[in-house]
Structure formats: structure tokens, C-alpha cells
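Visitor: For reference, the structure I am asking about is given below.
All of the numbers you see were taken from the coordinates with simple rules; none came from a lab. Note that the structure is a prediction, hence the values are computed from the model and not measured. Quick reminder, even Gly has a Cβ in these numbers, built from the backbone with ideal geometry, and neighbours come from all protein chains shown.
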Amino acid sequence: RSQELSEARIDYHAALLALQEHGTRMVCTGKMHTDRICRFDYLCYSSEAEEFVFFYSNSSVMLPNLGPRRFQPALLDLSSVEDHNTQYFNFLELPAGALKFMPKPVFVPDVTLILNRFNPDNLMHVFHDDLLPAFYTMKQYLDLDDEARLVFMEGWGEGPYFDLYRLLSSKQPLLKEQLKNFGKLMCFTKSYVGLSKMTTWYQYGFVQPQGPKANILVSGNEVRQFAKIMMEKMNITGPEEAAKEGEGTEEEKEKETREDYIVVFSRSTTRLILNEAELIMALAQEFQMRVFTVSLEEQSFASIVQVISGASMLFSMHGAQLVTSLFLPRGAAVVELFPYAVNPEQYSPYKTLASLPGMDLQYVSWRNTMEENTVTHPDRPWDQGGIVHLEKEEQERIQASKDVPRHLCCRNPEWLFRIYQDTLVDIPSLLEVLKEGLKTRPNLKKSKAASTVHPGRVREPQCQTSVQATNEAKLTVSWQIPWNLKFLKVREVKYEVWIQEQGENTYMPYILPQQNYTFSENIKPFTTYLVWVRCIFNKNLLGPFADVLMCRT
Ligand code: UDP
């Protein structure tokens, strides 16, 4: 094993000398432990102590140098979940001289990314907490390339989705458990510790009830680029490319690309759709499309992604499998089904994903409101929603409740009881919700990525004023188009003008199609107005305001 790492790519004695002389060096980004990623030279790990070790010498560097604040509460979050107290990273310090008394270190020559997976058993967590953040952390640091080594320190086994983690680099990821195999002391020549949180869109409810993150920084563009590369690595060709490459006449290929179909993502152990066959028939009938079912229990993940990547609609009970909607083509619809007494508004990881700007997915939720159509499982273990371990009174209260009240993660028994119900889907009410919720029939053909280019500032803004009478004045504002407009095809260009009387704290906003306008209403003589102008593309792409104009009538 240690040979596998060393591969003669590293001059052992030079590395040992460097470590002894220079010690560990750390330089980090981020002001807070929650937005920090650190880069290390010669960060070591003692498998005996199960601790990372920072070796001090005259030339070691530690930035930020926090002193004891390094433990308040930690240097950084090792997973992408913000400030979770089981996911903190820190290291022990030792003088480099102590190396003389320690086992000979094994050096890892690969550039290494060290992180915690948050919950590698759950597909939503795998994508949202680990794969996307690791993918974009690797994009942030050039030397974390296809040859990078990933090390997962959360301490879990490979888990059911390990093959997906393997797609991130050509090297086998290492688990904490395996680090022992490399000897008592291992030193990472170059490593990064921590994950970017830039791509996460959901918080799971550890400190406040779950919901979309307050400040989402990712758009559909980045999610789709990630999805595209993951598909390439899984050797999945998108439906269109598949058709192009296939045999057959142009017409046949055309047809092949045109075939619209629906996917029902089925769960086979918990949170079942009890009348799946009836649902499938009804959908085929209603939309005149073929309906395929997929399930994680029955197919390879790659074959599921292959099917989903060409689907017009994806139906599924609420659950982690719905994160696969990030592989849906633009213009497709996600239809999420919720069991009885569960409010879709309060559990929205997949709605938030589908609604990211540029994801270009439609989203509809349906909720079972008929108690006779739900099947509860009070006798199951607590983590599958069982409640028989609770006091009789509490059991009765839960059984009678029609809505799970807001709650924190992760062991609320009422929530677990309700979310693990099986559901007989009432077809008429589902079709009704679809009729109302789908603005247009899901359409993959017309869905090109919308432009996201924002206008530049308007140029040469000017104002001219004139006084007509003691109570009448005019204010003419004019400007030139933003510099980038002449390179763009924009459907609709408008301008927004804000006028504020100096000293007042309100302003009048105006939307104008042209590049100048004379205002006379509400304009007083011998008054100073502050005027801001900006450009707007296609109703919602706002540009920056030009420098404020001071206009005196
Ligand atoms: N899962 C599945 N089929 C089932 C139940 C669960 O494939 O019948 C998968 C699910 O997609 C997730 C994992 O098992 O990846 C854990 O499921 P759980 O119900 O605990 O979580 P949830 O789906 O509510 O996030």
C-alpha cells in the first residue's frame, strides 16, 4: 500500500529533510471557520492518535494564526454543512524536532483534498454536501486536478454511492480507516483541507427549521456543468448526442430525439406509492407519453441518469432520489409527491434545486390530503417513523394530527412518522395540481439556455433642467446605451430612472423604453434632484446604476 503511494515519484530523503527543516506550512482563505479552506505543505496525520499534526520549525507558517481561537470552535468545517459540531477540523502541534522520536513518515506525493462526507448513505447528501462542493473546490485550486487524491475523514465505510465519488478524480479515494495501512505517520506533501460551500442551496434544520439557504450563490449553470461532466464520466451520452451517433436516417434520428417520455422514480422499501401501476397508466393517458419507472434498488445509477437525462417529466415521492432532477434536460418538469400531513412548503430541497435560476425546470408539488389514502407504520423502528416507543398520549396526538408542526432536524418522531407513510395517490387531484401548476406543457425542444448577460452601466448620463414658471419646471435626463449592448441580441431593452428630491428619503422610479425623457410632473423649480439610471434586459436582468446625477432646476 505505501509503495502504491510513493511510486518513486518522491525523493524520500529530500522530503524528510524538507519536513524536518521547514516543518508544516499552512495558508488559508476565509475570515471565519465556516468559509475557510486551508492549503498545507507537509500536513501530517498520526493514525495512532487519529489526529492531524502540524510540525513547527523556524520556517513554518500558519495563516491565519489564531492562537487559542483556533479552538473556538475550530479551524474550519471539514464538510460543506455549515458549523456542524461533528464536522470540525483541527490539528495538533509538535516541534519538528519531535520527528526524531517518531515513526518514519510515509509521504503522500499526490495533491490531496481532505474532507468529510456528511451522509454518504443518502443520495441527496451525496450530491449536495459532497460531490458538488468537492467538484467546485477542485475547480478553485488548479493543482486539485484529475490526479488529485481525495481523503474522506468522516470515518464511514465506502457507502452505496462510492462509485460516484470515484468520478471526481482518477485516483482511488481513501477512507479514514485506510490511513492506518500507510503506517503510523503519514505526511501529505501538498494538501487542501475543507470544502467550498458556494454550491449548496439547502440547510437541513440543525439550528432553525430546514429550508433554502439564506444566500444562495449557485445557479443552474454550475449545477448543469457539473451534471454534464459527471455524465461524461459515467459514459452517458445525452439523448441528443446518442441519437446523432446512432444508425438510421435523418428522419429516424429526428424522431428519436423527439420522443417525449415521463419517468416515475419509485422507492421500493419505504415511502411507497401504493398504486404505482394506476399512476403510470393515468400519466400515459393524460400526457400521451410513454412512462418508465426507475429505482435505485433495481438499476445502476448510470442507467437511471441516462433515462432521466432525456425525460420530459419526473414524478417521485419526496426523497433523496429526487436530487437526480439535476440531470433532467432544460424545460422538464419535476413533480414531487408528499405523504399525508406533510407540508411541501416546509421541505423544499428539490423545489429549491429546480428553481435555481438557469436550472430551467418546472416544479410542482402534490400532497395527499385524504387520510384514508395513507398507510402509517407505527410499529417500525423510530428511524423509519415508528412511534410505539412513545407514551400512549403522544402516540394518539401524532395519529390525530393533520399537519407536522415545524421542527428541527433530525429525530422529530412526528415528522418521521408522517414522512415514512405510504401513499395511495389520488389521480384526479394530482392531475388537477398538474393542470394548475404546469404553466406550459413540459417542452424540451424550445428550452435553450436563456441568456444571463447583464447590462453594463448606461454611458454619458446627463440632465438638463428648465424653469417654466414659479411652480413649474422640467427635468430632461438622457444617456447612451451600455457598452456591451452592441454585441448582444437582446429581446427587450428598458431603462429605469430613479428621481429623488435632495433631502427626501423616497424616490420615484420610472421604466422607460427610450434613452431620454423629460419629466415635468412632480418637478419643482429651484430644487436639486438626484437621478440614477440603469439598463434592464428582458425584464429581469438588471444592470448597475450609473453615477448619480445632481440636477438643479
Ligand atoms: N432509498 C431508496 N428506496 C427506498 C428508500 C430509500 O432508494 O425505498 C434511498 C434514498 O433515495 C436515499 C437513501 O435510500 O438515498 C435513504 O433514504 P431515506 O428515506 O432515509 O432518506 P430520504 O430519501 O428521506 O432523504
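Visitor: State the extension gain, in nm to one decimal, for the chain segment bounded by residue 63 and residue 520, taking 0.36 nm per residue of separation less the distance between their alpha-carbons.
Guide: Once the chain is fully extended between residue 63 and residue 520, it gains 158.6 nm.
Visitor: Ok, one more. Which net charge results for the neighbourhood of residue 227, defined as the other residues with beta-carbon distances under 13 angstrom from its beta-carbon, given Lys and Arg at +1 and Asp and Glu at -1?
Guide: After counting each charged neighbour, the total is +1.
Visitor: May I pose another question? Under a Cβ-only charge scheme (Lys and Arg +1, Asp and Glu -1), can you give me the dipole magnitude of the chain about the Cα centre, in debye to the nearest 20?
Guide: 1900 debye
Visitor: Have a look at 131, 231, 540 and report the one farthest towards the positive end of the charge dipole of the chain, computed about the Cα centre with Cβ charges (Lys/Arg +1, Asp/Glu -1).
Guide: 540
Visitor: Which loop trypsin sites (Lys or Arg not before Pro) in region 24-95, with loop taken from DSSP, have no more than 14 other Cβ atoms within 10 angstrom of their Cβ?
Guide: Here the sparse-neighbourhood loop sites are 31.
Visitor: Something else: Which value in deg cm²/dmol, rounded to the nearest 500, describes the helix-derived mean residue ellipticity at 222 nm for the chain, given -39,500 (n - 2.57) per DSSP H run of n ≥ 4 and division by the residue count?
Guide: -6000 deg cm²/dmol
Visitor: Kindly put 141, 495, 350 in sequence by how many other C-beta atoms sit within 10 Å of each C-beta, fewest to most.
Guide: By the 10 Å Cβ count, ascending: 141, 495, 350.
Visitor: What does DSSP give for the chain in terms of the percent of beta bridges that are antiparallel, rounded to the nearest 5?
Guide: So the antiparallel bridges amount to about 55 percent of the total.
Visitor: Next up: Report the relative contact order of region 412-553, percent, no decimals, based on alpha-carbon pairs under 8 angstrom and at least 6 residues apart.
Guide: So the answer I get is 26 percent.
Visitor: Where in region 11-103 are there GluC sites (Glu not before Pro) that are in a DSSP coil and have at most 13 other Cβ atoms within 10 angstrom of their Cβ?
Guide: Of the GluC sites (Glu not before Pro), the ones in loops of region 11-103 whose Cβ has at most 13 other Cβ atoms within 10 Å are 48, 50.
Visitor: Next up: Would you mind checking which residues have amide H under 5 Å from residue 459's amide H? H placed 1.01 Å from N; only 5 or more apart, or other chain.
Guide: Excluding prolines and chain starts, which carry no amide H, the hits are 480, 481.
Visitor: Hey, another quick one. At most 16 other Cβ atoms within 10 Å and a DSSP loop assignment: could you name the GluC sites (Glu not before Pro) in region 165-241 that fit?
Guide: Listed in order of number, the matching sites amount to none.
Visitor: How do 124, 508 rank when sorted from fewest to most other Cβ atoms within 10 Å of their own Cβ?
Guide: Placing the least packed residue first, the sequence is 508, 124.
Visitor: Here's a follow-up. If you place +1 on the Cβ of every Lys and Arg, -1 on the Cβ of every Asp and Glu, and leave all else neutral, what size is the dipole of region 114-234 about its Cα centre, to the nearest 20 Debye?
Guide: 200 debye
Visitor: Okay, next question. With respect to the cross-link table entries 197/351; 474/539; 100/176, which display a Cα-Cα separation exceeding 22 Å?
Guide: Pairs exceeding 22 Å: 474/539; 100/176.
Visitor: Sticking with this structure for a sec: Hey, got the dipole for region 322-398? About the Cα centre, +1 on K and R Cβ, -1 on D and E Cβ, debye to the nearest 20?
Guide: Roughly 420 debye for region 322-398.
Visitor: By residue number, which cysteines of the chain lack any other Cys whose Cβ falls under 4.7 Å from their Cβ?
Guide: Result for the chain is 535, no neighbouring Cys Cβ within the cutoff.
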